[in-house]
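Chemist: Here it is: the structure, laid out below.
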Amino acid sequence: MFLDFSFGIMKDFLSLFFIFIIIFISIPVLIYSGGYIGEYRKNYSVKYHWSMLILFLLSMIGVVLSSNSILFMVFWEIMSITSFFLVIYEYKNKENLKSGILYFVMTHISGLFLMFMFGFIYKYTGQTNFIKITQMYSNLETHKGIIFIFALLGFGAKAGLVPLHPWLPKAHPSAPSNISALMSGVMLKVAVYGFIRVVFVLLGGVSYKYGFILLFTGTLTALYTIINALLQNDIKKLLAYSSAENIGLIFSILGLSIILNSLKLYESSIMALTAGLFHCLNHGVFKSLLFTGAGSVLYATGTKNMNELGGLHRKIKFTSICVLIGTAAIAAIPPLNGFASESLIFMSFIKSVIAIKSKAFVLMIVICGTALALVAGGAIYSAVKAYGITYLGEARSKKAENIHRIPISMNVGMAILSLYSIILGVFSPFIINFISKYTAQYIFIKEYRLNFIGYETIFISIMFIVIITLITIVSRILDRKNKTETYETWACGFNNFKPNMQYSGDGYSQPAARYFGFVGGYKKEVIIKDTITLKQRVHDVIERQLYNPVVDFITFISGRIVKIHYGKIQIYISYIFITLIISVILVLKLV
């Protein structure tokens, strides 16, 4: 049987939806990039950046449009390589190179698992074409478990599921901020697309047992990463952990959809999958907005450390307003898009508890749903920290006082993303019902007329905006008639204020650090000499306990192997000859 190398493209709803996400978010980010990348002209090649960026976007589109596993893996590899080169764009910084190497290793581990997955699918169907595989998924019935595990590991490593996430908080702070916006907002969603394509479409669904595995994995990811996000002082690292938290939320709701589909509760399953798809779109928008906002702060001040910032609202007011919209969206404040998709996610959990009869199943879903509700609270906590410490109060350093002017193109890009967040929230009922209709028809092959959210949400949102606008206009009209005099705030006779007396990022996180610091590897050291010095640091526990020992072992072995390199060509030829003999023996035995 020969491999199918047909070059057709996927034109179903799932592919078109994710193509829309890629293009929809890429347009404002590309506009933003026009001004942002100018800062690199003195030290790095701008042409190189643009060529890699365009190839990166085209490769993601290629993955989503691929109609067979061969093309899928080719574009997947191009996406991985181009994103790696973009992560290490500032190659003169050694830390960026280390982060890039970790990302390179993890993304190829992801690719290895995906090759195993497609290999198993081909073994039992004899097909690489996705449409033909869907017609033969009954051949995979007894092998769905192993294919699901490989899909979870392969796509999970790319998406940032725990414990395969350590590359994410390393790569995002290292990459230019426009690239961080695309990697978090778009590339992670391509991994979600791949998982949905394989599990929901090619396999035709899997047992509820695998749904619970996915639900628990997503919940654990969300809990672990939001705690780590709370403890960060680097804005981009905080946003990176927050991205992993949202990926955990998306995979949790996908797990719930699998469970409900397995139990033949199709309407609830469609609702859950719709919530996951809608949150893919919404997270892509508001996280891209927040990363571009972080890039503007870095452009203006030269630092990502929140403890060196503060008081930026008065100096880069437009950026501050845009980031405030993104902060409200990620905190699920109505009527913005984050509220629309997260409310649908929790509605899905509530509806599933009502629909499912098994008490054991209900208990597990309630535990995960409650944990995710706590995660939503943590997301508000971290979002308020990031915005408040960065933009409010007084400048904590000279970097925050002496800022650079932000180019217009960067502001335009952020303005478009801010507008997206508002529109997707206000008109969410239309979007939700549109997604649910085509999800039912093209993924579940069912005909359901679903109305999850009433259109009164639009009316309430519009009324809310109108009321706020009227209050603002009336208050400004009234203020014109009165003379306003400004005085310093009375501080009970204490007027010797210093910037370091404000809340710092560390101080704001202390309640979380005290109770959950062990999860984020939080350590505090007090040194008392002539003065009292407080040192605080955090590290990723999973990275230190799981990945660092592996790296140390490989380094140790590499140090021993390097000793056989004597620099003599005769020895190298003998190595090749011995390897060939061993290879021939193994092939003869296997054949």
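Chemist: What do you reckon, is Thr128 open to solvent by less than 10 Å² (accessible area, probe 1.4 Å), more than 21 Å from the chain's Cα centre (by Cα) and among the β-branched types (Val, Ile, Thr)?
Modeler: Answer is yes for this residue.
Chemist: What are the residues in region 110-125 that are open to solvent by 10 Å² or more (accessible area, probe 1.4 Å) and more than 14 Å from Gly204 (Cβ to Cβ), if any?
Modeler: Hits for region 110-125 are Leu112, Phe113, Met115, Phe116, Phe118, Gly119, Phe120, Tyr122, Lys123.
Chemist: Now a separate question. Can you say whether Leu58 is farther than 16 Å from Leu164 by Cβ and either open to solvent by less than 70 Å² (accessible area, probe 1.4 Å) or touching a residue at least 40 places away in the same chain (Cβ under 8 Å) (or both), as far as the supplied structure shows?
Modeler: Answer is no for this residue.
Chemist: Right, another one. Go through region 262-281 and report how many residues are open to solvent by less than 10 Å² (accessible area, probe 1.4 Å) and not in a helix (DSSP H, G or I).
Modeler: The total comes to 0.
Chemist: Then there's this: Does Ile21 satisfy the condition of being open to solvent by less than 50 Å² (accessible area, probe 1.4 Å) and either closer than 21 Å to Ile196 by Cα or among the β-branched types (Val, Ile, Thr) (or both)?
Modeler: So Ile21 passes the test.
Chemist: Can you tell me which residue is modelled with the lowest pLDDT among those in region 41-87 that are polar (S, T, N, Q) and over 21 Å from the mean Cα position of the chain (by Cα)? First the steps, then the outcome.
Modeler: Narrowing region 41-87 to residues polar (S, T, N, Q): 43, 45, 51, 59, 66-69, 80, 82-83.
Subset that is over 21 Å from the mean Cα position of the chain (by Cα): 43, 45, 51, 66-69.
Details: Asn43: 86, Ser45: 89, Ser51: 94, Ser66: 92, Ser67: 89, Asn68: 90, Ser69: 91.
Applying the filter and picking the extreme gives Asn43.
Chemist: What are the residues in region 374-415 that are open to solvent by 50 Å² or more (accessible area, probe 1.4 Å), part of a helix (DSSP H, G or I) and not hydroxyl-bearing (Ser, Thr, Tyr), if any?
Modeler: Selection gives Leu374, Ile380, Val384, Lys398, Lys399, Glu401, Ile408, Val412.
Chemist: Further question on the same structure: Check region 206-216 and report whether any residue there is part of a helix (DSSP H, G or I), open to solvent by 10 Å² or more (accessible area, probe 1.4 Å) and of a type in the set (Lys, Arg).
Modeler: yes
Chemist: Follow-up. Select from region 81-109 the residues that are polar (S, T, N, Q) and in contact (Cβ under 8 Å) with a residue 60 or more places away in the chain and write down the one among them that is most open to solvent (accessible area, probe 1.4 Å). Walk me through how you get there before you give the answer.
Modeler: Taking region 81-109 first, the residues polar (S, T, N, Q) are 82-83, 93, 96, 99, 107.
Next, only the ones that are in contact (Cβ under 8 Å) with a residue 60 or more places away in the chain stay: 83, 93, 96, 99, 107.
Numbers: Ser83: 0, Asn93: 73, Asn96: 14, Ser99: 12, Thr107: 5 Å².
Step by step, filter region 81-109, then rank; the result is Asn93.
Chemist: Does Gly145 count as part of a helix (DSSP H, G or I), crowded, with 24+ Cβ neighbours inside 10 Å and in the same structural domain as Gly302 (by TED's automatic domain parsing)?
Modeler: For Gly145, the condition - part of a helix (DSSP H, G or I), crowded, with 24+ Cβ neighbours inside 10 Å and in the same structural domain as Gly302 (by TED's automatic domain parsing) - is not met.
Chemist: Restricting attention to region 151-173, and to residues there that are open to solvent by 30 Å² or more (accessible area, probe 1.4 Å) and assigned to a helix (DSSP H, G or I), which single residue is modelled with the highest pLDDT?
Modeler: This residue is Leu153.
Chemist: Another question, then. Leu298 versus (1) under 19 Å from Ser382 (Cβ atoms); (2) at pLDDT 95 or above: which is the lone unmet condition?
Modeler: Only one criterion is unmet by Leu298, namely (2).
Chemist: Taking region 485-515, which residues are open to solvent by 100 Å² or more (accessible area, probe 1.4 Å) and either at pLDDT 85 or above or within 25 Å of Tyr241 (Cα to Cα) (or both)?
Modeler: Within region 485-515, Tyr503, Arg514, Tyr515 meet the criteria.
The values are calculated or read from the model by the stated rules, or taken from the named source; none is laboratory data. Since this is a predicted model, take the numbers as computed values, not measurements. Note: ideal-geometry Cβ built from the backbone for every residue, glycine included; neighbour counts use all protein chains shown. The protein model used for the area step is the full one, side chains on, heavy atoms only, and it has no ligands, DNA or RNA in it. Shrake-Rupley method; radii C 1.70, N 1.55, O 1.52, S 1.80 Å.
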